[in-house]
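Worksheet for the structure shown next.
The values are calculated or read from the model by the stated rules, or taken from the named source; none is laboratory data. What you see is a predicted model; the values in this text were computed from it and never measured. FYI the Cβ positions are ideal-geometry reconstructions off the backbone, even for glycines, and counts take in every protein chain you see. Accessible surface is based on the protein model in full, side chains and every heavy atom, while ligands, DNA and RNA are left aside. Shrake-Rupley method; radii C 1.70, N 1.55, O 1.52, S 1.80 Å.
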Amino acid sequence: MSLPDGWDDAELARVKRLAAQIRDGTDALIVACRAPGRVNLIGEHTDYSGLPVLPVAINRSTIVVAAGNTTGEIEVANADVAWPSRRFAVELQIPPYEAGDWANYVKAAIQGVIDHFPTRRLRDASIVIDGRVPPAAGLSSSSALTVSTAMAFMAVNQLELDPLETATMVARSERYVGTHGGGMDQTVSILGRRDHALFIEFDPLRVRAIKMPANAALVVADTREVADKSGRVRAEYNRRVVECSLAARILGRALNLDGVTILGDVVRAQPDWNAADLVEKLAASSPAWLGADLKEAASILELSQPALDAELLGHGPTRIALDSKRPLEILKRARHVLSETERVIRAADALEAGGLDEMGTLMNASHASLADDFECSTKHLDAIVECARRGGAFGARLTGAGFGGSIVALCDVANADAVIESIDRGYYAKQYPGAAPKNWRAVLHAGPGASVIDLRTA
Ligand code: NG1
């Protein structure tokens with residue numbers, strides 16, 4: 001049997017060794033799913049506003065091996081012993097582990113499948129996970145894990161969905177862990193294409209693959225500042241989700257639009273929109289920032305505070321807890337999201353036309369906007385971005401949610417070594433004198449999206 005793109009013989013051999021761990025007591029149907037992480041070229045913090053993004057799936061993946069079992073539980077093991085084994089029962093509402101437990105991503109994926117197929121009796125499974133996407137580095141190891149688990153679990157249960165539906169299902173399901181994220185990571189992990197970036201639009205979800213110019217190289221470098229999505233970073237992320245939604249609602253009201261909950265609703269209702277006009281309109285209709293108890297926002301929107309609170313913060317275990325000591329920024333957040341959307345649209349055209357200089361300029365502007373208006377950069381991210389630019393990159397920016405994690409630099413293939421050298425000298429040698437930065441930065445390639453193989457025939 002020929003293997004899907006992204007698998008090679010060495011990987012298959014490794015998967016077969018993992019499969020040997022779970023063959024006992026399980027039935028013959030045994031599958032493996034490989035799902036990649038991603039690096040986002042541009043379009044940061046726009047997906048949860050329903051606005052476009054331009055990521056690539058990377059050649060670093062998580063593999064999940066799964067087989068049906070009869071133990072009455074989902075049994076989860078990790079090839080890396082740092083992540084302890086877990087077992088839990090399949091039920092209509094699977095209770096999460098404590099916040100921050102790695103296996104909540106596994107539960108999220110299983111819960112997503114249960115919610116999507118509520119009338120199907122699902123079989124239990126034994127699962128072994130082998131993650132090769134560096135965690136907490138802004139490369140979406142979390143979505144690689146959720147996607148690979150969901151697809152492997154569906155395969156064990158012989159359930160099929162088309163890729164866009166799978167992406168929508170997994171994006172929704174990942175919110176189980178408490179991050180109110182958008183759908184970029186899951187979509188590119190599933191639909192990524194070798195040597196291509198994906199221009200992804202939402203509501204409705206659709207993708208356009210754009211060939212990476214042959215002379216383009218992507219250098220990804222990790223600040224080594226952990227962007228831990230289970231603590232402070234999650235609170236900051238969710239706060240941005242609330243701020244963007246408030247900006248959208250206030251703008252929607254100022255423009256007499258009904259039913260607006262995200263900035264994408266405003267943009268879609270105004271075919272000739274531009275960021276500067278919308279930001280001006282927002283500035284004219286509300287203060288730049290609002291109190292964090294939502295009282296002021298409720299009064300602008302002529303809503304009761306409890307109603308607005310429930311709509312924005314949700315309820316149950318994933319309810320967003322806002323730090324009430326800080327006001328909510330409205331104008332700056334909207335200015336980032338709307339100007340970033342203009343940049344993404346221009347970047348897709350620039351990339352398609354091979355305009356790497358222009359693409360780099362847009363990436364630099366994206367980083368500035370994330371630092372100044374979205375306030376999710378750090379001095380480490382700024383420093384490493386600066387080194388990449390000094391090394392001759394067309395452009396560089398933080399990638400992923402920020403608050404730590406990695407940067408991506410776009411450069412000419414012939415110049416990638418010089419960019420890496422500049423980062424090594426200007427950042428790693430200063431931050432970590434004497435350490436070998438070999439695994440902290442790399443040239444990554446746009447690889448294919450997720451695929452499942454049946455290990456009985458592979
Ligand atoms: P990372 O970098 O994986 O934390 C997060 C969200 C994305 C997107 C980016 C910011 C999840 C799973 N991922 O990515 O949807 O909003 O931040 O652009 O929540």
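Site pair Ala435 and Arg17 shows an inter-label distance of 2.7 nm when each label is modelled 7 Å from Cα along Cα→Cβ. Find me the longest stretch of the chain that has none of the exposed GluC sites (Glu not before Pro), where exposed means in a DSSP loop (not H, G, I, E or B) with at most 13 other Cβ atoms within 10 Å. Value returned for the longest uninterrupted segment is 303-458.
Computed over neighbours whose Cβ is under 10 Å from that of Thr62, the net charge equals +2, Lys and Arg +1, Asp and Glu -1. Ranking Asp258, Asp124 from most to least accessible surface, computed with a 1.4 Å probe over the protein chains only, gives Asp258, Asp124. Taking 7 Å steps out from each Cα toward its Cβ at Arg326 and Val226 produces label points 2.1 nm apart. In order along the stretch 56-68, phi translates into HN-Hα couplings of 10, 6, 9, 7, 9, 10, 10, 10, 10, 9, 9, 9, x Hz, rounded to whole numbers, per the Karplus curve 6.51 cos²θ - 1.76 cosθ + 1.60 with θ = phi - 60° and x for Gly and Pro.
If R₀ is 35 angstrom, what is the calculated FRET efficiency for the pair Asp101 and Ser2, using the beta carbon separation as r and rounding to 0.05? E(calc), rounded to 0.05, equals 0.35.
Partner lysines whose Cα lies under 24 Å from the Cα of Lys295, excluding those fewer than 8 positions away in the same chain, are identified as Lys281, Lys325, Lys332. Model label sites at Ser85 and Asp203, defined 7 Å from Cα along the beta-carbon direction, differ in position by 4.6 nm. By a 1.4 Å probe calculation restricted to protein chains, Leu145 has an accessible surface near 20 Å², given to the nearest 10.
In the chain, helices alone account for a calculated mean residue ellipticity at 222 nm of -12500 deg cm²/dmol, with every DSSP H run of four or more residues adding -39,500 (n - 2.57). Of the DSSP H helices in the chain, those with a Cα length along their own long axis of 27 Å or more and a mean Kyte-Doolittle hydropathy reaching -1.0 comprise 232-254, 331-352. Each principal axis of the Cα cloud of the chain was taken in turn, and the coordinate range along them, longest first, works out to 66, 55, 41 Å. Where the alpha-carbon atoms of the stretch 191-278 are placed on the principal axes, they occupy 46, 35, 25 Å, in descending order. Rounded to two decimals, the Cα-based Rg/Rh of the stretch 269-414, with Kirkwood Rh, is 1.05. Only protein atoms count toward the accessible area here, which uses a 1.4 Å probe; on the chain, the carbon and sulfur part of that area reaches 50 percent.
Taking only the C-alpha atoms of the stretch 50-126, Rg followed by Dmax gives 14.7, 44 Å. Per residue, the solvent-accessible area of the stretch 266-378 (1.4 Å probe, heavy atoms of protein chains only, all protein chains present) comes to 47 Å². Counting only protein chain heavy atoms and rolling a 1.4 Å probe, the accessible areas of Thr166, Thr119, Thr318 rank, largest first, as Thr119, Thr318, Thr166. Quick check on the chain: of the DSSP beta bridges with both residues there, what percent are antiparallel, nearest 5%? If we restrict to bridges inside the chain, about 95 percent are antiparallel.
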